[in-house]
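Below is one structure, written out as structure tokens, with a few remarks after it.
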Amino acid sequence: MTAPTINPPFWLLAELTYRCPLHCVFCYNPVNYASIKNELDTADWIRVMREARALGATQLGFSGGEPLLRDDLEILVTQARELGFYTNLITSGVGLNEQRIAALKTAGLDHIQLSFQDSTQEINDFLSSTKTFELKKKVAALIKKYEYPMVMNVVLHRHNIPHVDKIIEMALELDAEYLELANTQYYGWAMKNRSQLLPTREQLIVAEATVNQYREKIGKRCKLLFVVPDYFEDRPKACMNGWGSIFLDIAPDGAALPCHNARELPGLDIPNIKDFSIKDIWYDSKAFNFFRGDQWMQEPCRSCSEKEKDFGGCRCQAYLLTGDAAATDPVCTKSPKHHLIESAISQSVNEQKTQEHPLIFRTDKNSRLLNS
């Protein structure tokens, strides 16, 4: 048992808004996002950036929702450049016209990550419940025109994983340097749709083999990143590289979170930047210290030789599956609750055949209904 060593944060994620023109069924935003009001203003965000940079943070992601819905995005990027951050815009592309990308380039934005939902207009637009496929392709061309590296992200699940070869071909057609094929992680809206999104093990095996074949075929032309879903692993991922270790997430209303979904965990007393400094939040808050180190761990994590590799896995996943945020992540085969993962996979296979439950799209109406 060791007391935690608290290093400065490395990565600051600024979730500028939960507003979004897309309605993705796998969105990681909180299911109750519609009830979260009072977005931080420009001055608040600038203070957050200054304090985080003074503490040691160097990487800054602008995310959402859709961050392009913020009229002050260019101002925030300018301030981030002056502070010395390396900046990344994580976007659906909606709202990124030539005027804005030129302004963001002038402001000093370093990197843009563009999301697609699939390689075809039909599936892309269905999964986001919008008509955005052709718009995304135009945005991809703008990203290349303004000499940004073309970084694409596609979240994989049952509905698009059979098309992974076509997704890669699309990335090559758009001259992408990077393609992240990130299998769905089951939090937020994805958890609500889990039985309709989980692929089969066979689909996953075929997809990974396809990715490896393309790696050999295309070489360095495009770097393919394939993130396997936790549910099909024997050991959990080192979530956020350890709780309160390198990652600081500031939500649209100013809530400071050790991970995107920490709001769901009981007993954390989530701090807000309107009430505390970033330094006090990072070093002294109950939320950020709750799962640091290993003193909180239960067995089998407590005596496990691998605990310094995976830190017990994901606290949100443990809570969503077991009701106990301190439990061993059930993804781990050493967990006494590993059967919950196996049951979820079996349930998904059965429901794939019966198609009993329709997909729940991320909308304000559904957000209010699910939390009423």
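The values are calculated or read from the model by the stated rules, or taken from the named source; none is laboratory data. Fair warning: this is a prediction, and the values are worked out from it, not measured in the lab. Reconstructed Cβ throughout: ideal geometry from the backbone, glycine too, with neighbour counts over all protein chains shown. Side chains are part of the model used for accessible areas, which takes the heavy atoms of the whole protein and leaves out ligands, DNA and RNA. Shrake-Rupley method; radii C 1.70, N 1.55, O 1.52, S 1.80 Å.
Worth pointing out:
- The set of residues in segment 165-201 that are under 21 Å from Ile345 (Cα atoms), open to solvent by less than 10 Å² (accessible area, probe 1.4 Å) and outside any loop (DSSP other than H, G, I, E, B) comprises Leu181, Asn183, Gly188, Trp189, Ala190, Leu197.
- If the condition is being in a helix (DSSP H, G or I) and either under 17 Å from Met150 (Cα atoms) or open to solvent by 60 Å² or more (accessible area, probe 1.4 Å) (or both), then segment 101-120 contributes Ile101, Ala102, Leu104, Lys105, Thr106.
- Restricting attention to segment 272-294 and to residues that are of a type in the set (S, T, N, Q) and part of a loop (DSSP other than H, G, I, E, B), the residue that is surrounded by the fewest Cβ atoms within 10 Å (Cβ to Cβ) turns out to be Ser277.
- Residues in segment 1-30 that are open to solvent by 10 Å² or more (accessible area, probe 1.4 Å) and over 12 Å from Gly65 (Cα atoms): 11 in all.
- Sole residue being of a type in the set (A, V, I, L, M, F, W, C), part of a strand (DSSP E or B) and touching a residue at least 40 places away in the same chain (Cβ under 8 Å), chosen from Leu12, Leu22: Leu12
- Close pairs (7 angstrom Cβ cut-off, 6 or more residues apart or separate chains): modelled with pLDDT of 90 or more in segment 107-133, of a type in the set (Lys, Arg) and buried (at least 18 other Cβ atoms within 10 Å of the Cβ) anywhere: Leu114/Lys136; Phe116/Lys136
- Contact map, segment 233-245: first residue among the charged types (D, E, K, R), second residue outside any loop (DSSP other than H, G, I, E, B), Cβ cut-off under 6 Å, separation 6 or more or different chains; pairs are Arg235/Asp310.
- Selection status of His339, under 19 Å from Gln196 (Cβ atoms) and surrounded by fewer than 16 Cβ atoms within 10 Å (Cβ to Cβ): no
- Number of positions in segment 121-164 that are in a helix (DSSP H, G or I), basic (Lys, Arg) and farther than 24 Å from Thr210 by Cα: 4
- The residues of segment 294-346 that are within 16 Å of Ser245 (Cβ to Cβ), more than 24 Å from the chain's Cα centre (by Cα) and in contact (Cβ under 8 Å) with a residue 40 or more places away in the chain, listed by number, are Asp294, Gln295.
- Applying the condition of being in a loop (DSSP other than H, G, I, E, B) and out of contact with any Asp or Glu (no Cβ under 7 Å at 6 or more places or on another chain) to segment 66-94 and asking which residue is most open to solvent (accessible area, probe 1.4 Å) yields Asp71.
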